[in-house]
Amino acid sequence: DAKTTQPNSMESNEEEPVHLPCNHSTISGTDYIHWYRQLPSQGPEYVIHGLTSNVNNRMASLAIAEDRKSSTLILHRATLRDAAVYYCILRALGRIQGAQKLVFGQGTRLTINP
Amino acid sequence: DVKVTQSSRYLVKRTGEKVFLECVQDMDHENMFWYRQDPGLGLRLIYFSYDVKMKEKGDIPEGYSVSREKKERFSLILESASTNQTSMYLCASSLGQGAFRQYFGPGTRLTVT
């Protein structure tokens, strides 16, 4: 499985943009880049995913480098509810029936200051 | 909204007991997964299932088994619980082949004493 590298922790202020980086230099051509987050005392939740082009949804934006060796999750205006551990994951297809196997790293613990 | 529920939020069992963790999803998803989460080790896949009665080992299947008799239900079984199986257990589901999004339950914190 291709690996991802993220900073252990980041800190930002409420209502400011947050840029969460992820390095994935061994990414293969068919790997999608996924981001999940885990709020305290909850299971992970999907944030966004992409392959080559930048992606936007109601939660965040995903900026993917042209060589795909890195990506950045952008929270445009952080709130206190965005404090969580953010995981950058490269999708690895399972051997049978294409079941998606997500390999979670350590993630980035994001702290939002009021 | 997809809902994934787990039978207990907290569970305390004794060493050697047989433990069942139940997971139910309500969106007719083909794939279901069991992970455990430990400090410093992150989430690790134990088993997954891509169809009723079908299963595949994940990264750390030792000491665990699973059962999927109905599409909506995926059970994780600890045949003889040990203290090193104290952990947070997370269940997830996803739609089908090629599905990119997994939906997670709230987790069961199991303590084996």
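The values are calculated or read from the model by the stated rules, or taken from the named source; none is laboratory data. Because the structure is a prediction, the values reported are computed rather than measured. Neighbour counts run over all protein chains shown; Cβ positions are idealised from the backbone, glycine included.
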Test: residue in region A:1-15 that is over 21 Å from A:LEU102 (Cα atoms), at pLDDT 95 or above and outside any strand (DSSP E or B): yes
Enumerated strands (runs of 3 or more DSSP E) restricted to region B:22-113, each holding at least 2 residues that are modelled with pLDDT under 95: B:31-38, B:42-51, B:54-57, B:87-94
Strands (runs of 3 or more DSSP E) within region A:64-114 that include 1 or more residues out of contact with any Phe, Trp or Tyr (no Cβ under 8 Å at 6 or more places or on another chain), within 20 Å of A:PRO7 (Cα to Cα) and modelled with pLDDT under 85: none
Residue that is farthest from A:HIS19 (Cα to Cα) [pool: residues in region A:42-52 that are in a loop (DSSP other than H, G, I, E, B) and either in contact with a Leu (Cβ under 9 Å, 6 or more places away or on another chain) or among the aliphatic types (A, V, I, L, M) (or both)]: A:GLY43
Any hit, region A:18-36, residues being within 14 Å of another protein chain (Cβ to nearest Cβ), among the β-branched types (Val, Ile, Thr) and part of a strand (DSSP E or B): yes
Of residues in region A:58-74 being within 13 Å of the chain's Cα centre (by Cα) and not hydrophobic (A, V, I, L, M, F, W, C), the one farthest from A:TYR46 (Cα to Cα): A:SER70
Members of region B:29-43 found to be more than 9 Å from chain A (Cβ to nearest Cβ) and either out of contact with any strand residue (DSSP E or B) (no Cβ under 6 Å at 6 or more places or on another chain) or within 17 Å of A:GLN42 (Cα to Cα) (or both), listed by number: B:TRP34, B:ARG36, B:ASP38, B:PRO39
Yes/no for B:TYR64 being more than 13 Å from the chain's Cα centre (by Cα) and over 27 Å from A:TRP35 (Cα atoms): no
Residue count for region A:18-49, restricted to those that are surrounded by 12 or more Cβ atoms within 10 Å (Cβ to Cβ) and farther than 18 Å from B:GLY40 by Cα: 20
Output for region A:42-53, where each listed residue is more than 8 Å from chain B (Cβ to nearest Cβ) and of a type outside the set (Val, Ile, Thr): A:GLY50, A:LEU51, A:SER53
Failed item in (1) in contact (Cβ under 8 Å) with a residue 40 or more places away in the chain; (2) within 12 Å of chain A (Cβ to nearest Cβ), with B:MET54 passing the rest: (1)
Residues that are within 16 Å of B:LYS13 (Cβ to Cβ) and charged (D, E, K, R), drawn from region B:55-81: B:GLU79
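Residue-wise test of (1) of a type in the set (Asp, Glu); (2) within 17 Å of B:HIS29 (Cβ to Cβ); (3) within 14 Å of chain A (Cβ to nearest Cβ).
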position: B:GLY63; (1), (2), (3): no, no, no
position: B:LYS70; (1), (2), (3): no, yes, no
position: B:SER75; (1), (2), (3): no, yes, no
position: B:GLU79; (1), (2), (3): yes, no, no
position: B:MET88; (1), (2), (3): no, no, yes
position: B:SER93; (1), (2), (3): no, yes, yes
position: B:GLY96; (1), (2), (3): no, yes, yes
position: B:GLN102; (1), (2), (3): no, yes, yes
position: B:VAL112; (1), (2), (3): no, no, no
